[in-house]
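Step one of this worksheet: look at the structure below.
The values are calculated or read from the model by the stated rules, or taken from the named source; none is laboratory data. Note that the structure is predicted; figures quoted are calculated from it, not measured. Here Cβ is always computed from backbone atoms with ideal geometry, including for glycine, and neighbour counts include all displayed protein chains.
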Amino acid sequence: MATADKPKGLLGVGKLPPELLSTILAHAAVDDPRVILGPGIGLDCAVVDLGDRLAVYKSDPITFASDQIGYYLVHVNANDIATTGAQPLWLLVTLLLPHQGTTAELPNAVMTQIYDACHDLGIAVIGGHTEITTALDRPIAVGTLVGEVARDKLITPRGARAGNRILLTKGVPIEATTLLAREFPARLRGALTSTEITAAQNYLFEPGIGITRDARIALEAGCVTAMHDPTEGGIVTALWELAQASDNTLRVDPGAIPVPALARRVCAALGIDPFHALASGALLLTAPPSDAAAICQALAREGIACADIGVVADGPSIVERRTSAGYEVWRPPAADDITKAFTES
């Protein structure tokens, strides 16, 4: 059943609507004074004061992908840890496998992917849970990643300030491009060549869905006031999350947001808006104008493209896009556009 045909009142595939999530989180019990950063819209990590260091916690599942889910799991969790300025260190994995069709090769393959990705990032797998369960048609992997950061080095999405420039690395939607090419290659064959489909599949590694390196280079190059990892709902949803977390208006030029030609073609072939689709691989950050150019140049020297896409402004927590007639509100999608490919009848 397609998302558009779901019975009235039922929620669609993807994240909870932000209004519902805000209501739920408003009742969260956070009574421990050591919790510096708890749950909230646009706040992807929790931060706890451990004395001389701060511990940073992140939990995220892999639900859409079935190929290379171990690699996805490590990087999507490490990305959010990196946006706080922290070093990702310790990972717990929950792996749920479908009752039908699971052999010993599947958990072995997924955990090998996890171990390899963790080795590359200096992360230790310290525990978790594995289980074969009913009512699944694909593996589900959930990671909880812990990192640490010096007290004076913590970055949060609340730090964006009016006048800051909004920067974006690499382009969008890297994750959606590789995921669509890996999950639905047959549906792309009429629009792309086999070579192009293979190149799109390899977006997982090049330009890659990881941003830990992007974040490190940016932090070393200048003053970064906020960072955010665009994931489900794409760059537009990420901008809204950053606007809500920082309590500012974000004014963005859509024409300045890089969309690689191959990514645009993959999205067009499946009727997906590249601004509304899974965007891991791009780092969204804000910086004072005096630092923005230096950050972009430092990233470019390391082979990472970085674009200036807009400005943080005083005002309500909204996102505005530039048009020929001025600025208008740019609303986030109700669900990630990639769900169209998974819910197509």
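Annotation: of all residues in the range 51-74 being more than 17 Å from the chain's Cα centre (by Cα) and closer than 15 Å to LEU180 by Cβ, the one that is modelled with the lowest pLDDT is SER66. Just checking, does the range 193-210 include any residue being in a helix (DSSP H, G or I), of a type in the set (A, V, I, L, M) and either in the same structural domain as ASP137 (by TED's automatic domain parsing) or more than 22 Å from ASP336 (Cα to Cα) (or both)? Looking for residues that are in a helix (DSSP H, G or I), of a type in the set (A, V, I, L, M) and either in the same structural domain as ASP137 (by TED's automatic domain parsing) or more than 22 Å from ASP336 (Cα to Cα) (or both), one finds at least one in the range 193-210, hence yes.
Of the residues in the range 117-132, none is hydroxyl-bearing (Ser, Thr, Tyr) and touching a residue at least 40 places away in the same chain (Cβ under 8 Å). A single entry from LEU96, LEU20 fulfils the requirement of being at pLDDT 90 or above, aliphatic (A, V, I, L, M) and not assigned by TED's automatic domain parsing to the domain that holds LEU145: LEU20.
Candidates are the residues of the range 271-286 that are touching a Phe, Trp or Tyr at 6+ places or on another chain (Cβ under 9 Å) and at negative phi; the one that is surrounded by the most Cβ atoms within 10 Å (Cβ to Cβ) is LEU278.
Looking only at residues of the range 29-50 that are in a loop (DSSP other than H, G, I, E, B) and at pLDDT 90 or above, we find that the one that is surrounded by the most Cβ atoms within 10 Å (Cβ to Cβ) is CYS45. Residues in the range 245-270 that are assigned to a helix (DSSP H, G or I) and surrounded by fewer than 21 Cβ atoms within 10 Å (Cβ to Cβ): 9 in all. If the condition is being loosely packed, with under 15 Cβ neighbours inside 10 Å and either in contact with an Asp or Glu (Cβ under 8 Å, 6 or more places away or on another chain) or not in a strand (DSSP E or B) (or both), then the range 116-135 contributes ASP116, HIS119, ASP120, GLY122, THR134, ALA135.
Looking only at the range 299-343, how many residues end up being of a type in the set (Asp, Glu) and within 29 Å of GLY210 (Cβ to Cβ)?
4
If you go through the range 161-219 and keep only what is over 29 Å from LEU242 (Cβ atoms) and among the hydrophobic types (A, V, I, L, M, F, W, C), you end up with PHE184, ALA186, LEU188, ALA191, LEU192, ILE197, ALA199. Every listed requirement among (1) modelled with pLDDT of 95 or more; (2) within 20 Å of the chain's Cα centre (by Cα) is met by CYS223 save one, (2).
Of all residues in the range 214-240, those that are closer than 18 Å to ALA78 by Cβ have Cβ atoms under 6 Å from Cβ atoms of residues that are acidic (Asp, Glu), 6 or more apart or on another chain, in ILE217/GLU302; ASP229/ASP80; GLU232/ASP336.
Scanning the range 99-115 for residues that are aliphatic (A, V, I, L, M) and either modelled with pLDDT under 95 or within 27 Å of ARG213 (Cβ to Cβ) (or both), we see that the one that is surrounded by the most Cβ atoms within 10 Å (Cβ to Cβ) is ILE114.
Here LEU242 meets each of (1) surrounded by fewer than 24 Cβ atoms within 10 Å (Cβ to Cβ); (2) touching a strand residue (DSSP E or B) at 6+ places or on another chain (Cβ under 7 Å) with one exception, condition (1).
Residues in the range 298-337 that are over 23 Å from the mean Cα position of the chain (by Cα), in contact (Cβ under 8 Å) with a residue 24 or more places away in the chain and assigned to a strand (DSSP E or B): 3 in all.
The single condition among (1) crowded, with 23+ Cβ neighbours inside 10 Å; (2) at positive phi that VAL74 does not satisfy is (2).
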